[in-house]
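So the structure is just underneath, and the comments pick up after that.
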Amino acid sequence: MDNGSWMPAQGKGDLVLTDANDWRTELSAQSRQRIVNKIMETLKRHLPAGDPDGLSVLTKIAVRFEEKIFTNAENQADYLRKISLKMLTMETKSAMGNSMASNPIGEKHARSW
(Lines give C-alpha, C1' and ligand atoms only; values in the text may rest on other atoms or scores of the structure.)
Protein backbone atom coordinates (compact mmCIF):
# COMPACT_ATOMS: atom_id res chain seq x y z
CA MET A 1 0.00 0.00 0.00
CA ASP A 2 1.34 3.41 -0.95
CA ASN A 3 1.53 6.08 1.78
CA GLY A 4 2.17 8.85 -0.75
CA SER A 5 -0.27 10.68 -2.94
CA TRP A 6 0.07 12.06 -6.43
CA MET A 7 -0.34 15.81 -6.65
CA PRO A 8 0.26 18.16 -9.57
CA ALA A 9 3.28 20.42 -9.14
CA GLN A 10 2.14 24.01 -8.82
CA GLY A 11 2.47 25.90 -12.06
CA LYS A 12 3.44 22.78 -14.02
CA GLY A 13 1.66 19.91 -15.68
CA ASP A 14 3.98 17.31 -14.13
CA LEU A 15 2.92 15.07 -11.27
CA VAL A 16 4.94 14.86 -8.07
CA LEU A 17 4.90 12.08 -5.47
CA THR A 18 4.55 13.49 -1.97
CA ASP A 19 4.96 11.36 1.12
CA ALA A 20 2.17 11.91 3.62
CA ASN A 21 4.54 10.77 6.40
CA ASP A 22 7.38 13.12 5.44
CA TRP A 23 8.85 14.75 8.57
CA ARG A 24 9.30 18.01 6.65
CA THR A 25 5.54 18.62 6.59
CA GLU A 26 5.54 18.73 10.38
CA LEU A 27 8.26 21.37 10.76
CA SER A 28 6.70 24.83 10.72
CA ALA A 29 8.05 27.76 8.76
CA GLN A 30 8.46 29.55 12.08
CA SER A 31 10.72 26.76 13.40
CA ARG A 32 12.82 26.87 10.26
CA GLN A 33 13.13 30.65 10.54
CA ARG A 34 14.35 30.32 14.14
CA ILE A 35 17.02 27.90 12.93
CA VAL A 36 18.05 30.29 10.13
CA ASN A 37 18.30 33.05 12.77
CA LYS A 38 20.60 30.85 14.89
CA ILE A 39 22.75 30.15 11.84
CA MET A 40 22.90 33.90 11.20
CA GLU A 41 24.02 34.58 14.78
CA THR A 42 26.87 32.12 14.34
CA LEU A 43 27.87 33.52 10.95
CA LYS A 44 27.85 37.10 12.25
CA ARG A 45 30.17 36.13 15.11
CA HIS A 46 32.72 34.63 12.75
CA LEU A 47 32.46 36.46 9.44
CA PRO A 48 32.79 40.21 8.92
CA ALA A 49 29.57 41.73 7.60
CA GLY A 50 29.29 45.26 8.94
CA ASP A 51 27.35 46.83 6.09
CA PRO A 52 23.83 45.98 4.84
CA ASP A 53 25.23 44.26 1.74
CA GLY A 54 27.37 42.01 3.92
CA LEU A 55 24.37 41.12 6.09
CA SER A 56 22.36 40.36 2.98
CA VAL A 57 25.06 37.94 1.81
CA LEU A 58 25.17 36.24 5.23
CA THR A 59 21.38 35.92 5.18
CA LYS A 60 21.49 34.26 1.76
CA ILE A 61 24.21 31.88 2.98
CA ALA A 62 22.19 30.97 6.09
CA VAL A 63 18.98 30.40 4.11
CA ARG A 64 20.69 28.29 1.42
CA PHE A 65 22.53 26.24 4.04
CA GLU A 66 19.32 25.54 5.98
CA GLU A 67 17.44 24.65 2.78
CA LYS A 68 20.17 22.24 1.68
CA ILE A 69 20.19 20.45 5.04
CA PHE A 70 16.37 20.46 5.19
CA THR A 71 16.14 18.91 1.73
CA ASN A 72 18.78 16.23 2.27
CA ALA A 73 18.15 15.21 5.89
CA GLU A 74 16.60 11.81 6.48
CA ASN A 75 14.55 12.96 9.45
CA GLN A 76 14.24 15.87 11.87
CA ALA A 77 16.94 14.51 14.18
CA ASP A 78 19.33 14.23 11.21
CA TYR A 79 18.42 17.80 10.17
CA LEU A 80 19.14 19.22 13.62
CA ARG A 81 22.30 17.12 14.02
CA LYS A 82 23.80 18.25 10.72
CA ILE A 83 23.11 21.91 11.42
CA SER A 84 24.46 21.63 14.97
CA LEU A 85 27.62 19.89 13.79
CA LYS A 86 28.30 22.58 11.19
CA MET A 87 27.78 25.37 13.72
CA LEU A 88 29.99 23.59 16.27
CA THR A 89 32.69 23.11 13.63
CA MET A 90 32.59 26.81 12.83
CA GLU A 91 32.81 27.74 16.52
CA THR A 92 35.70 25.33 17.09
CA LYS A 93 37.71 26.47 14.05
CA SER A 94 37.17 30.09 15.02
CA ALA A 95 38.21 29.47 18.62
CA MET A 96 41.33 27.65 17.50
CA GLY A 97 42.19 30.43 15.04
CA ASN A 98 41.69 33.11 17.70
CA SER A 99 43.78 31.16 20.18
CA MET A 100 46.68 30.83 17.76
CA ALA A 101 46.46 34.45 16.59
CA SER A 102 46.28 35.89 20.09
CA ASN A 103 49.13 33.77 21.43
CA PRO A 104 52.05 33.84 18.97
CA ILE A 105 54.57 33.05 21.74
CA GLY A 106 52.65 29.90 22.61
CA GLU A 107 52.66 28.98 18.94
CA LYS A 108 56.44 29.37 18.72
CA HIS A 109 56.83 27.36 21.88
CA ALA A 110 54.54 24.62 20.55
CA ARG A 111 56.61 24.40 17.36
CA SER A 112 59.80 23.88 19.33
CA TRP A 113 58.50 20.65 20.85
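Some points to look at:
- Surrounding net charge for G54, when Lys and Arg each add one and Asp and Glu each subtract one, Cβ distance under 14 Å: +1
- Computed over the alpha carbons of segment 32-71, Rg followed by Dmax gives 9.8, 30 Å.
- When a 1.4 Å probe is rolled over the protein heavy atoms, the share of accessible surface on segment 50-95 that falls to carbon and sulfur comes to 60 percent.
The values are calculated or read from the model by the stated rules, or taken from the named source; none is laboratory data. All figures in this text were calculated on a predicted structure; none of them were measured in a lab. Heads up, the Cβs are rebuilt from the backbone with ideal geometry, glycines too, and the neighbour counts pull from every protein chain shown. Areas reflect the complete protein model, heavy atoms only, side chains present, ligands, DNA and RNA absent. Shrake-Rupley method; radii C 1.70, N 1.55, O 1.52, S 1.80 Å.
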